[in-house]
1. Based on the Cβ-Cβ distance of A8 and E152, what FRET efficiency does E = 1/(1 + (r/R0)^6) give at R0 = 22 Å, to the nearest 0.05?
2. For segment 148-165, take each phi angle, set θ = phi - 60°, evaluate the Karplus expression 6.51 cos²θ - 1.76 cosθ + 1.60, and give the result in whole Hz per residue in order, putting x for glycine and proline.
3. Using the Cα centre of the chain as origin and beta-carbon charges of +1 (Lys, Arg) and -1 (Asp, Glu), tell me which of Q104, A196, A183 is placed farthest towards the positive end of the dipole.
4. Please state the shape class of the chain: rounded when a/c is under 1.5, otherwise prolate if a/b exceeds b/c and oblate if not, all from the C-alpha gyration tensor.
5. What's the angle, to the nearest 10 degrees (0 to 90), between helix 126-137's Cα axis and the longest principal axis of the chain?
6. Please report the equivalent ellipsoid semi-axes of segment 2-98, computed as sqrt(5 x eigenvalue) of the Cα gyration tensor, largest first, in whole Å.
7. Return, ordered by residue number, the residues of segment 181-216 whose backbone nitrogen is under 15 Å from a label point located 7 Å along Cα→Cβ of L166.
8. At a threshold of 8 angstrom on Cα-Cα distance, excluding pairs fewer than six apart, so keeping six or more, what relative contact order does the chain reach in percent?
Amino acid sequence: MRAQARAAVKFSVLGPLAATLEGEPLALGGERQRALLAMLLVHAGELVATERLTLQLFGGARSATAVNGLHVAVSRLRRALRDGDGAMLHTRRGGYVLELEPDQLDAAVFERGLEQGRSLLAAGDALGATARLAQALALWRGPPLADLAGMEDIQGEIRRLEELRLLAEMERIDAELALGRAAEAVGELERLIAGAPLQERLRGQLMLALYRSGRQADALAAYRETCGLLREELGLTPSAELREL
């Protein structure tokens, strides 16, 4: 029953931090409680040390004031999450652990969808891959933890999630190209390249999409633009794979 009760609470980090209970939004409190929850979610299933939490939330190590403040924040967070019996947020020696079921965190659901989509594409099921990857990408509501992006402790996770989002987009484009939807992919690729101009795989996909759409001159122009950008920004030449396109 405890697992069923806690599974009713869903957490979202693929955008501003949010939580719902049976579909209804939960009021998570002030910035300190939200920051505490973000750290616990980023390290879900792991012990997050008291010292680490107080350093991030109170700007100091293990002073009595900071530790007491952390206890208050944890208590308030438990109330906000309707977790009075500690089914999710456990006190452990030296810190706290947030235990979640596999479908409680949108980032975990997204990552499973990404892996399933990639497996479908590798198996030759481009149609299934497109649908699964689109479903996974639909979980995104904006930049990850956008309302807490200034927190130092979560920067690594923010970067990791952004990289996975871009990977999912590129895998979905590969599936679209495999289905012969080159013309439709051009606009999407131009949008993605605007946000990641040095991503060589995206530029290769754009060249291929342009070529398959009958726009050979535009494909060649895109290649020349890529060569110039890589040389000017990184001092590199295009990869062998890109040159072979």
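Readers should treat all values here as calculations from the given coordinates under stated rules, not as data from a laboratory. Bear in mind the structure is a predicted one, so any value in this text is a computation, not a measurement. Cβ placement follows ideal geometry from the backbone for every residue including glycine, while neighbour counts extend to all protein chains displayed.
1. Numbers: r = 32 Å, r/R0 = 1.45.
With R0 = 22 Å, the Cβ-Cβ based efficiency is 0.10.
2. With the stated coefficients, segment 148-165 comes to 10, 5, x, 6, 5, 5, 9, 4, x, 5, 4, 4, 4, 5, 4, 5, 5, 4 Hz.
3. Working it through, the farthest residue towards the positive pole turns out to be Q104.
4. Here the chain falls in the prolate category.
5. The helix 126-137 is inclined about 40 degrees to the chain.
6. 22, 14, 12
7. Taking a point 7 Å out along Cα→Cβ of L166, the residues of segment 181-216 whose backbone N falls under 15 Å are 189-206.
8. With pairs under 8 Å counted, the relative contact order is 18 percent.
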